[in-house]
1. Could you list, in sequence order, all residues of the stretch 1-20 that are outside any loop (DSSP other than H, G, I, E, B) and within 20 Å of residue 71 (Cβ to Cβ)?
2. If you go through the stretch 170-180 one residue at a time, do you hit one that is touching a helix residue (DSSP H, G or I) at 6+ places or on another chain (Cβ under 6 Å), within 30 Å of residue 75 (Cβ to Cβ) and surrounded by 11 or more Cβ atoms within 10 Å (Cβ to Cβ)?
3. I'd like to check which helices (runs of 4 or more DSSP H) are fully inside the stretch 138-241 and have at least 2 residues that are under 20 Å from residue 14 (Cβ atoms) and without any contact (Cβ under 8 Å) to a residue 60 or more places away in the chain.
4. Among the residues that make up the stretch 15-37, is at least one of them modelled with pLDDT under 95, surrounded by fewer than 15 Cβ atoms within 10 Å (Cβ to Cβ), under 23 Å from residue 159 (Cα atoms) and in contact with a strand residue (DSSP E or B) (Cβ under 9 Å, 6 or more places away or on another chain)?
5. From the list 10, 95, 69, exactly one residue is closer than 28 Å to residue 152 by Cβ and at pLDDT 95 or above. Which is it?
């Protein structure tokens, strides 16, 4: 006997995003306009959602009506809303005000140890001229972070459109406006980067025009890209340990 057709009142697509990386906020925001009893179709390609979403539904009281395989590795989850989400706006505001934190400890010489959440990594001098330097320079971490933000953001947005990305590589080049200022060899000038050039190589099942649109949207919504383009104000204070 065929399963009865479920006609959702709204649909949201999380692509490859998992529940702990913002998918639940997207789901809750998409469900907010629905009246209690309304049905939201959640599309996802992330395998962990198969366990995490049902567990979340049980915890908050929504009904998971059905799970069905979709196209291009996507799965559809049909969730019936139980009641209004009283703390959605509070959680959205908390996300807006999220502060990312890092702690850096000088390791002596030309290295430092960086601690972020439950991770740590070594960073070398701000700008290294030695190709055999054992530590990654701070500038290389900066442009590497930009490339990672572009690559992961592009892949996620492609997954939301059902586009399979077989291979993706971002090549980045940057040059200081005047590195002599950093080295203390002159006083005038700007030691900052004069610009960053990123080239995105992608092999995917989509027309070039579609991929260009995806890249433009990725850059527009990329936290690291927009931070560099806007040039944020950096303040620092000294506290004696």
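1. 10, 11, 12, 13, 14, 15, listed by residue number.
2. yes
3. Because the criterion is at least 2 residues that are under 20 Å from residue 14 (Cβ atoms) and without any contact (Cβ under 8 Å) to a residue 60 or more places away in the chain, the helices (runs of 4 or more DSSP H) in the stretch 138-241 that meet it are 138-160, 208-221.
4. yes
5. Answer to the selection: 10.
The values are calculated or read from the model by the stated rules, or taken from the named source; none is laboratory data. Predicted, not measured: the structure shown is a model, and the values here were computed from it. No Cβ is skipped: glycine too gets one built from the backbone with ideal geometry, and neighbour counts run over all protein chains shown.
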